[in-house]
Amino acid sequence: MRDRNAPLSEADVAGLAWEKMDGLLPAVVQDRASGVLLMLGYMNEEALRATLASGFATFFSRSRGRLWQKGETSGNRLRVVSIHEDCDADALLVRADPEGPICHLGTQSCFGGETEGPGWLAELSKIVASRIASNDPASYSAHLAAEGPARIAQKVGEEGLEVALAAVTRDAAGCAEEVADLLYHLTVLMETKGFAWSDVVAILTARHKD
């Protein structure tokens, strides 16, 4: 039996339940970093094989009767990380890194709303990366990054100490404020060192597997 924790490969395509919806499967797309649901499309076998071959999400347009790659006109493509089938093999989950807004209305997601919960740390990373890249002298992120690793490390140490002090001198709200400061400075550190929250989560997940 196929390990459903493993992503789909070319060899798995024919075994999906294509007959249930006349050769089409719904494919929901999730932002790999934040977990946000970005859009829903449909794939036939040809679209799924094209996606696996190119690494970019390709769907079947029911209205136009042809394949289309997301972003083929806007440039806002979906770089696919992995594809998984559901328990009945009749729906797909596409985990992807979006290259720009995904909805044709210009929003991040076709479902609207804002990123909530821990997934917002991925949005924070994007904000910090954008501000560092801007080299705007008015941006604290850009200024801190320009000061270099030693200064960033110093700030992380200071904020870590503030969290420790808050743990014994402040209430929950005060502790949350200090943790927020620490996470922001860690985000700057991570951006300048070239790794992301997803890398940290992957390490934690591997450590805590049974």
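The values are calculated or read from the model by the stated rules, or taken from the named source; none is laboratory data. Since the model is a prediction, treat every value here as computed from it, not as a measurement. Neighbour counts run over all protein chains shown; Cβ positions are idealised from the backbone, glycine included.
For this structure, a couple of remarks:
- In the range 9-43, the residues that are surrounded by 22 or more Cβ atoms within 10 Å (Cβ to Cβ) and hydrophobic (A, V, I, L, M, F, W, C): LEU25, ALA27, VAL29, ALA33, VAL36, LEU38, MET43
- For the range 67-74, the criterion of being farther than 21 Å from MET190 by Cβ and of a type in the set (Phe, Trp, Tyr) is met by at least one residue.
- Hits in the range 67-90 (condition: assigned to a loop (DSSP other than H, G, I, E, B) and hydrophobic (A, V, I, L, M, F, W, C)): CYS87, ALA89
- Here GLY23 passes the criteria (1) touching an Asp or Glu at 6+ places or on another chain (Cβ under 8 Å); (2) outside any helix (DSSP H, G or I); (3) touching a residue at least 24 places away in the same chain (Cβ under 8 Å) except the one numbered (3).
Quick grid of which residues meet (1) in contact with a His (Cβ under 8 Å, 6 or more places away or on another chain); (2) outside the structural domain of SER139 (by TED's automatic domain parsing); (3) closer than 17 Å to GLY35 by Cβ:
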position	(1), (2), (3)
THR73	no, yes, no
ASN76	no, yes, no
ILE83	no, yes, yes
ASP88	no, yes, no
LEU93	yes, yes, yes
HIS104	no, yes, no
GLY112	no, yes, yes
ALA122	no, no, yes
SER125	no, no, yes
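- Looking across SER134, SER141, one residue alone is touching a residue at least 12 places away in the same chain (Cβ under 8 Å), among the small types (Gly, Ala, Ser) and assigned by TED's automatic domain parsing to the domain that holds HIS185. It is SER141.
- Restricting the range 67-81 to residues that are farther than 16 Å from ALA50 by Cβ and of a type in the set (Val, Ile, Thr), the residue that is surrounded by the most Cβ atoms within 10 Å (Cβ to Cβ): VAL81
- Filtering ASP90, ASP86 for residues that are more than 15 Å from the chain's Cα centre (by Cα) and touching a residue at least 12 places away in the same chain (Cβ under 8 Å) leaves a single hit, ASP90.
- Residue within the range 117-138 that is hydrophobic (A, V, I, L, M, F, W, C), surrounded by 13 or more Cβ atoms within 10 Å (Cβ to Cβ) and farther than 19 Å from PHE195 by Cβ present: no
- The residues in the range 105-132 that are among the polar types (S, T, N, Q) and assigned to a helix (DSSP H, G or I) can be counted, and the count is 2.
- Counting only helices (runs of 4 or more DSSP H) wholly contained in the range 143-210, the ones carrying 2 or more residues that are modelled with pLDDT of 95 or more and surrounded by 11 or more Cβ atoms within 10 Å (Cβ to Cβ) occupy 149-169, 172-193.
- Test: residue in the range 44-66 that is part of a strand (DSSP E or B), aliphatic (A, V, I, L, M) and buried (at least 17 other Cβ atoms within 10 Å of the Cβ): no
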